[in-house]
Amino acid sequence: MPALPEFFEVVRRQRACRTFRPDGVADDLVEQVLEAATFAPSAENRQPWEFVVVRDAGVRARIGELTRQAWRGGGRAYAESRLSPQLLADVDRGAEGEVSAAPVLVVVCVDARRTHETTIPASIFPAVQNLLLAANAVGLGAALTTLPTAFALELGELLSLPEHVRPLAVVPIGYPAHALGPPRREPVSDHAHRDRYGSRW
C-alpha cells in the first residue's frame, strides 16, 4: 500500500505553527484543506461543522484581541507552570499577535441543531485534526487554539453567527515563517498498556 508511508510522514511531521509569512493562501488550497476536514467522522454522520474563513485584516485583528485577552486573563498564568520556557515563549508570541497575523483564520464552529450536546467534541475535533494534517500535507502551517472561544459571544457577534452556531476553535493557516522541525513525542511504550493499565505494552 504505497500511500501509507506518505500518510505516516505527514502525521509524524505535524506540529503547531504560530508564525507565518505574509503571503496569501489561494482559495482553492483553503478549500482543499476544508474538504479534508469534512471527511472526518461525526456522530450519526450528522456533519455539524461550519467553517468561517476569515481573511479580513480588521476581523483577524479583533480575533487577535480576544486571543490576547484570554491569554492575559489567565491563560498565560495557567501555562507558565506547565510548559517548557521555549514552548511558553512560542505560545506567548502566538497569543500576543503572531497567530492572528496569519493570512487566514478558520473559525471552526458547530451547528448545535445537528448533533447532541454530548457528541459535539467528538463530532468537531476530528475535523480539526483532519484540517491540521491536510494543511501540513500541502505545505502550509497551522495550529489549533481555543483561546478566543473563551469569548464565544463576542466572537459570534463578530462573525454574525446565528445562535445555534457556536465557535469551538480557531485555526490559523499560512506558509510557515521558518522551517518546523519534527515534534518531540514520548515513546508509545510509555503510554500503551496490554489488557490492563500498568501492564507493559
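The values are calculated or read from the model by the stated rules, or taken from the named source; none is laboratory data. Bear in mind the structure is a predicted one, so any value in this text is a computation, not a measurement. In this analysis, Cβ positions are derived from the backbone assuming ideal geometry, glycine residues included, and neighbour counts consider all displayed protein chains.
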_Matching helices (runs of 4 or more DSSP H) fully within segment 1-118 where at least 3 residues are crowded, with 16+ Cβ neighbours inside 10 Å_ = 27-37, 57-70, 85-93
*Could you tell me whether Ala134 is closer than 17 Å to Ala40 by Cβ, among the small types (Gly, Ala, Ser) and either free of Cβ contacts under 8 Å to residues at least 24 places away in the same chain or out of contact with any Ser or Thr (no Cβ under 6 Å at 6 or more places or on another chain) (or both)?*
yes
*If you go through segment 160-201, how many residues are surrounded by 10 or more Cβ atoms within 10 Å (Cβ to Cβ), among the charged types (D, E, K, R) and under 30 Å from Val54 (Cβ atoms)?*
1
*asked:* I need the full set of residues from segment 119-159 which are more than 24 Å from Val25 (Cα to Cα), aliphatic (A, V, I, L, M) and surrounded by fewer than 18 Cβ atoms within 10 Å (Cβ to Cβ), in order please.
replied: Ala122, Ala150, Ala152, Leu153
*Selection count where residues are touching a strand residue (DSSP E or B) at 6+ places or on another chain (Cβ under 9 Å) and under 13 Å from Ala143 (Cβ atoms), scope segment 92-128*: 12
*Among the residues of segment 129-152, is any among the β-branched types (Val, Ile, Thr), part of a strand (DSSP E or B) and within 25 Å of Ala16 (Cβ to Cβ)?*
yes
*What residue, among those in segment 147-190 that are free of Cβ contacts under 8 Å to residues at least 60 places away in the same chain and among the acidic types (Asp, Glu), is farthest from Leu34 (Cα to Cα)?*
Asp190
*asked:* Within segment 161-187, take every residue that is in a loop (DSSP other than H, G, I, E, B) and aliphatic (A, V, I, L, M) and give me the one that is modelled with the highest pLDDT.
replied: Leu161
*Which residue, of Ala70, Ala36, Ala61, is touching a residue at least 24 places away in the same chain (Cβ under 8 Å), among the small types (Gly, Ala, Ser) and closer than 16 Å to Asn130 by Cα?*
Ala36
*Would it be correct to say that Ser81 is free of Cβ contacts under 8 Å to residues at least 40 places away in the same chain and farther than 23 Å from Glu163 by Cβ?*
yes
*asked:* Of all residues being out of contact with any helix residue (DSSP H, G or I) (no Cβ under 7 Å at 6 or more places or on another chain) and over 15 Å from Val52 (Cα atoms) in segment 91-106, which is modelled with the lowest pLDDT? Just the residue, please.
replied: Glu98
